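The values are calculated or read from the model by the stated rules, or taken from the named source; none is laboratory data. None of these values were measured; they are calculated from a predicted model. Don't worry about glycine lacking a Cβ; one is built from the backbone with ideal geometry, like all the others, and counts go over all protein chains shown.
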Amino acid sequence: MKREPTVPRPRIRRAETEKKETARPFTGKGMGTGFSTVEAPWKAGLQAAKDALSKIEKVKPDLALGFVTSGYDLQAVAKGFSQGVGKDVPLVGAAVHGILFTEDTIIDRGVAIAAFKNDNLKFVTAVGRNLAQSLHKALEEAVIPVVDQLHTRRAEGFNYLTIFLLLDSYVNGDILVDDVAKILDQAEEGLKFFGGILDSSEISRETALVYNNEVIHGGVICIGIYSKTPLGMGYGHGLYPLVPKRATKVSGNIIYQFDGRPAFEVWKEYLMKKGVDEREISENLGHYLGKYQFGIPDPAVPKYPKVRLAMSVTREGGIRLAGDIPENSTVWLMEARKERMIETVGRAVFNAIEELEETPPFGAIVLEGFPRLLSLGKDFNDEIEAVQRKLGIPLIGFNTYGEILRPKPTQKWFHNSSLIISVLPE
């Protein structure tokens, strides 16, 4: 059986994502970060972990969260991480595509880790396996052991729970969000959650998860963050809506026709009218699919359409998106514009800090949709620097292919090109 032509996976050119380092030292109250670009994986993990530990005065962390870029042996890096922070410290993380960043560096090849130690937080972790066989079962394995501690933790004064999820293989994001919400609501309605899908492939080959010293392919890690005061959540995408199209022929997540015409032809024709050469589109399809994405109106949040990236183009000229599309729905062609996307950073940071209810922040976890890197190229560094500058606290961040979020009980969604900032309270 012939395979459909897929959109080529974007590769990062080092010239577009040069490492940025500053001499400014950070000593985080409760969170320390470290990174390394050493080629030897075990040494890189050890070096980064020791750097992170030094910033929390070498006390034993409650959790270590580590990431590696493509090209590193995750198992070897994890051993270095573990030795650096302490072999009995819970270690979770992943191998990712794209960029890693902390409060003072941006790297396209290397490793980064965050060590957490704060008496006002409790971390609980669990893992689910075999996503390809059953998404629901894998989520239950990961989430239920975490929420089962709700009553115990609340008796200790940790009244708030936020769920952080990492999946290394691609799944239908809309189904994922609904499933997570249903599982959580069985324990308590409205619990917050956020997370990211780390690969565009349904069977992960280049990304993987690490749970303590075990490398897992096709799984999900759940980190429960129990806190005495609420975490802050900031988010957005900033993509600009250009023109609406009616999806007149749809099957699941494939749009076959816009306004009765082949969807890919309509999309390409619009770009050509904007002055983009047809040959340029063909030769750099991944870039243009990142720059011109699709917005699906969300009745729950009318002014914040769900962003969908095209995953592949079918032989019939259809466009396969990362999420289901209702037939005859209005789909907006969206454009990634640097200025608007960086403006979104400022709003996201402000909203996240405001949700802390005047509790000072001590650290942050940041998810950046990979299509933002794809569309901005070398200007993506400007967006990351805006995150670093506006937060001004220790942070660890990475690229994702899909972002999930429920910041409020009445709002939940899945995006492909968004920014999520989760701020931890002291």
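Assorted remarks:
- Search result, residues across segment 244-285 that are within 13 Å of Val313 (Cβ to Cβ) and assigned to a helix (DSSP H, G or I): Ala263, Phe264, Glu265, Val266, Trp267, Lys268, Ile281, Ser282, Leu285
- Positions within segment 115-171 being closer than 30 Å to Leu46 by Cβ, under 20 Å from the mean Cα position of the chain (by Cα) and free of Cβ contacts under 8 Å to residues at least 60 places away in the same chain, in sequence order: Leu167, Ser169
So that you can scan it fast, the table gives a plain yes or no per residue for (1) within 30 Å of Gln83 (Cα to Cα); (2) in the same structural domain as Leu367 (by TED's automatic domain parsing); (3) part of a strand (DSSP E or B):
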site: Ser201; (1), (2), (3): no, yes, no
site: Ser204; (1), (2), (3): yes, yes, no
site: Val210; (1), (2), (3): yes, yes, yes
site: Val215; (1), (2), (3): yes, yes, yes
site: Gly218; (1), (2), (3): yes, yes, no
site: Ile223; (1), (2), (3): yes, yes, yes
site: Tyr226; (1), (2), (3): yes, yes, yes
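- Among the residues of segment 140-169, those identified as surrounded by 20 or more Cβ atoms within 10 Å (Cβ to Cβ), within 30 Å of Asn253 (Cα to Cα) and in contact with a strand residue (DSSP E or B) (Cβ under 6 Å, 6 or more places away or on another chain) are Ala142, Val143, Thr162, Ile163, Phe164, Leu165, Leu166, Leu167, Asp168.
- Comparison of Ala78, Ala64 shows that the only residue that is in contact (Cβ under 8 Å) with a residue 60 or more places away in the chain, buried (at least 20 other Cβ atoms within 10 Å of the Cβ) and not polar (S, T, N, Q) is Ala78.
- One residue from Pro326, Pro299, Pro241 being surrounded by fewer than 14 Cβ atoms within 10 Å (Cβ to Cβ), at pLDDT below 95 and under 30 Å from Leu356 (Cα atoms): Pro299
- Across segment 47-95, the number of residues qualifying as in a loop (DSSP other than H, G, I, E, B) and either on the phi < 0 side of the Ramachandran plot or not assigned by TED's automatic domain parsing to the domain that holds Ala114 (or both) comes to 13.
- Residue within segment 51-62 that is in contact with a strand residue (DSSP E or B) (Cβ under 7 Å, 6 or more places away or on another chain), farther than 16 Å from Thr102 by Cβ, modelled with pLDDT of 90 or more and of a type outside the set (Gly, Ala, Ser) present: yes
- Positions within segment 107-137 being buried (at least 23 other Cβ atoms within 10 Å of the Cβ), touching a strand residue (DSSP E or B) at 6+ places or on another chain (Cβ under 6 Å) and hydrophobic (A, V, I, L, M, F, W, C), in sequence order: Val111, Ala112, Ile113, Ala114, Ala115, Phe116, Leu121
- Qualifying residue in segment 326-335 (condition: hydroxyl-bearing (Ser, Thr, Tyr) and either in the same structural domain as Ile197 (by TED's automatic domain parsing) or under 18 Å from Ser417 (Cα atoms) (or both)): no
- Helices (runs of 4 or more DSSP H) fully within segment 337-426 counting 2 or more residues that are within 13 Å of the chain's Cα centre (by Cα) and in contact (Cβ under 8 Å) with a residue 12 or more places away in the chain: 370-376
- Test: residue in segment 253-267 that is over 14 Å from Pro326 (Cβ atoms), in contact with a Phe, Trp or Tyr (Cβ under 8 Å, 6 or more places away or on another chain), free of Cβ contacts under 8 Å to residues at least 24 places away in the same chain and surrounded by fewer than 20 Cβ atoms within 10 Å (Cβ to Cβ): yes
- Given (1) in contact with a Pro (Cβ under 7 Å, 6 or more places away or on another chain); (2) surrounded by fewer than 24 Cβ atoms within 10 Å (Cβ to Cβ), index of the condition Thr33 fails: (2)
- Qualifying positions in segment 45-61 - aliphatic (A, V, I, L, M) and either surrounded by fewer than 24 Cβ atoms within 10 Å (Cβ to Cβ) or in contact with a Lys or Arg (Cβ under 6 Å, 6 or more places away or on another chain) (or both): Leu46, Leu53, Ile56, Val59
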